[in-house]
1. If I filter segment 318-329 for residues that are under 24 Å from residue 259 (Cβ atoms) and surrounded by 21 or more Cβ atoms within 10 Å (Cβ to Cβ), do I get at least one hit?
2. Which one of the conditions (1) over 28 Å from residue 290 (Cβ atoms); (2) at pLDDT 85 or above; (3) outside any helix (DSSP H, G or I) does residue 389 fail to meet, given that it meets all the rest?
3. When you scan segment 65-79, do you find a residue that is under 30 Å from residue 405 (Cα atoms) and surrounded by 19 or more Cβ atoms within 10 Å (Cβ to Cβ), even just one?
4. Of the conditions (1) surrounded by 15 or more Cβ atoms within 10 Å (Cβ to Cβ); (2) under 27 Å from residue 34 (Cα atoms); (3) more than 23 Å from the chain's Cα centre (by Cα), residue 129 fails just one. Which one is it?
5. Restricting to segment 457-502, count the residues that are within 25 Å of residue 383 (Cα to Cα) and surrounded by 18 or more Cβ atoms within 10 Å (Cβ to Cβ).
6. With the structure loaded, tell me whether residue 113 is in the same structural domain as residue 179 (by TED's automatic domain parsing), surrounded by fewer than 13 Cβ atoms within 10 Å (Cβ to Cβ), farther than 30 Å from residue 181 by Cα and touching a residue at least 60 places away in the same chain (Cβ under 8 Å) or whether it fails that test.
7. Residue 60 passes all but one of (1) in contact (Cβ under 8 Å) with a residue 24 or more places away in the chain; (2) exposed (fewer than 15 other Cβ atoms within 10 Å of the Cβ); which number fails?
8. Identify all residues within segment 95-109 that are under 16 Å from residue 161 (Cα atoms) and under 24 Å from the mean Cα position of the chain (by Cα); write none if there are none.
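The values are calculated or read from the model by the stated rules, or taken from the named source; none is laboratory data. This one's a predicted model, so the numbers in the text were calculated from it and none came from an experiment. Cβ coordinates were reconstructed from backbone atoms using ideal geometry, including for glycine residues, and neighbour counts include every protein chain displayed.
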């Protein structure tokens, strides 16, 4: 593409944590009017490099230039003042506050010293319109959906009129249609001259939206290339330093007896009259668009949310509705789609998180001893290749992919009869995805049952023995296993295509 000026140039940037050189002498530049993708495995240094840009550190080395001028970005305030906005994968919205208070945080309009509410609402509507939202600005963020909150986060960043916008996994909570709408927004911003850094594990997105791509591995830059000159396979090899095989390998199974039976389950306003069965050794995939009721169904199955009608049977015995503890004791496990706020205790260690679901097994005379779980913990850390491998490391210090593996290790330790997996590989790199897929296959091969909810269609198709489809809160049928494909799942989720009774 035509070089119309460099908006950002990072030269020889390094950042060291105690015992770890997270970013090692990296050169990185972004042109005005360009989308520059930054990719790499979890722990490759992407987030750390962008946190340098966002002013999170005052001890980095190297030089950062904006528009040809060297700047010191040693605080978030300095970065924002320089025109840098970063949209994190984990949203930074204040849930109890209104959309307007979030979008205009720190610069609410005032008149005669008082809040100008009319102007606040009109400005917020204008910013929301830029991302295609027509929500009431007075609505509390806690009352909107996750994908709506993701777009509100983007509107908040754009409201600050940035010259450089960093987007870290911005599509993690969006449906395919919403992703395409976001891409139209990004293309419009690119035409307006904005420099965009786009971080994603979805290589199909990178190839679709980016102009250039930079690959990091082990904290160092491996390559910067025009997107038009590379393939997804080549990018994967640059990311991991080897050829990756076994991703989404289809399983051959012979399911056993019925393990989980769901009969006419309803939670009014979320899902209605849902019935299905899962056999021992089977992976049942649940497909559907965002908002179809898949996650809400999983939360009710494991007792987190109540049900209004129907029942759940595990090995022929009823599971008490509305009780998470009873569901776990009965043999159900639930890996949530939101590992940071619902799945992990971020301030606790890997060991404490992994063993948290099996504490009663390691008690003697009512006294808990984590030492009794040491052997199990060591095996799971090795099996899932959790890096760094120290069981005493605080979970928040791990990369996103290793946090996800720690969450999976927690449920593998519990050894449930049925494991509900909600978006098990969201926001993880190719290498971590392979490890998680292998663990799911091994779990089913050992005779356990798995219910897989995933928006990653290749993953859903390849790992599932059967796929049922949810649409607008109803389970509308099952795909013929011989005809299951990404296209057939998408068609069925949109109310088209061929289905058979579940």
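1. yes
2. Condition not satisfied by residue 389: (2).
3. no
4. That leaves (1) as the condition not met.
5. Matching residues across segment 457-502 total 7.
6. So residue 113 does not fit the description; no.
7. Result: residue 60 fails condition (2) only.
8. Within segment 95-109, 102, 103 qualify.
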